[in-house]
Every structure is written in C-alpha cells, then in structure tokens.
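K.L.:
What follows is a single structure, and I will ask about it in a moment.
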Amino acid sequence: MSNQDTQKTQPSLTTTEIMTIILGCEQTLRFVQASPNYQQIEASERFSTSNDLRLGDAVQALMEIHEAILNIEFYSQVEGQTYGFNDSLAT
C-alpha cells in the first residue's frame, strides 16, 4: 500500500485528537515502564536495542513532540497565523 493510499483511507485528525493520542501513548508507555515485570526485562543484561534505547526514550520523544505541537499552536495564535492543522480548519 502506498503512502497516498494510506492517506486516502486514514481519517483526518484534529490537533486535539492528535494531542490526545500522543498523551495516551505516553501514559500507556509510562504504565508499562512502571511494571515490575517490564523493569526486570529492561534490567536484563540481554536486553539490547540497536541504538541502546529504553522505554523512557520513547516517553521523552512523545513529550517533546507534544511540546512542539503546543509551541506551534501558541505561536500561531499569537501571530494570528494558521498552518492548516488548526482544529477549526480541520473540522
């Protein structure tokens, strides 16, 4: 399936929906990260990723993406500009 086909079949998401999904993923990963079973897995000497990543890195990435979206929304409101992903335009 090409990227264009995927775009045609995927629903359009508002900024609020995107933020909700990102925050939900972040909370889910934090829940997994706090699990004693996961902590045991990650502490194993055999636990390895190609870039030495941990679940905390994914949480941090989601937090940074969330912050970037908030910044864009803030500056677009301050400057009175729209970038095509404002909720009022997406609905």
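K.L.:
So between ILE65 and THR9, what do we pick up on full extension, going 0.36 nm a residue minus the alpha carbon distance?
P.N.:
Numbers: separation 56, 0.36 × 56 = 20.16 nm, distance 2.42 nm.
Here the answer is 17.7 nm.
K.L.:
Give a residue-ordered list of calculated ³J(HN,Hα) values for the stretch 38-44 (Karplus: 6.51 cos²θ - 1.76 cosθ + 1.60, θ = phi - 60°; whole Hz; x for Gly, Pro).
P.N.:
5, 4, 5, 4, 5, 6, 4
K.L.:
Evaluate the distance, in nm, between pseudo-label points positioned 7 Å from the Cα of GLN77 and of VAL32 along their respective Cα→Cβ axes.
P.N.:
With each label placed 7 Å out from Cα toward Cβ, I get 3.2 nm.
We did not get these values from a lab; they are worked out from the coordinates using the rules stated. Predicted model only: the values in this text are computed from it and were never measured. Positions of Cβ are generated from backbone atoms using ideal geometry, with glycine treated the same way; all protein chains shown enter the neighbour counts.
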